[in-house]
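This report concerns only the one structure given below.
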């Protein structure tokens with residue numbers, strides 16, 4: 001099972017139990033150097049795991065913009081994490097806490 005650290009999460013429709021659009025989540029796996037992207041909940045839930053290179057494709061730009069999460073791609077480009085602790089510290093400093101998702 002892989003661990004993904006939540007980079008960004010927004011739910012604009014918390015009262016709907018089966019939304020196809022919200023919540024949206026972006027999570028990052030240091031070990032796999034990949035992203036877990038999810039949208040929706042209940043019957044509307046969908047998700048995908050993509051590589052860092054795929055995450056930079058314009059296809060995903062809207063999601064990273066909606067969640068104000070381009071910072072993680074910028075960080076990976078300019079100063080890649082030196083180890084998993086560095087990754088955790090960076091995400092925690094951005095959010096104040098750490099949520100781990102398992103896939």
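Computed packing ranks the peptides 47-55, 93-101, 2-10, 21-29 as 21-29, 2-10, 47-55, 93-101, most packed first, by mean other Cβ atoms within 10 Å. When every Cα-Cα distance of the chain is counted in 10 angstrom steps from zero, the calculated P(r) takes the values 15, 50, 30, 5, 0 percent.
Express the relative contact order of the chain as a whole percentage, based on alpha carbon pairs under 8 Å and six or more residues apart in sequence.
30 percent
Rounded to the nearest 10 degrees, what's the angle between the helix 84-95 long axis and the longest principal axis of the chain, both from Cα atoms, 0 to 90? The angle comes out at about 50 degrees.
Its residue count N fixes a reference of 2.2 N^0.38 Å for segment 56-100, and the Cα radius of gyration divided by that reference is 1.22.
Bear in mind these aren't lab numbers, they're just calculated from the coordinates by the rules spelled out. Source: prediction; values computed, not measured. Note that we place each Cβ from the backbone using ideal geometry, even for glycine, and neighbour counts take in every protein chain shown.
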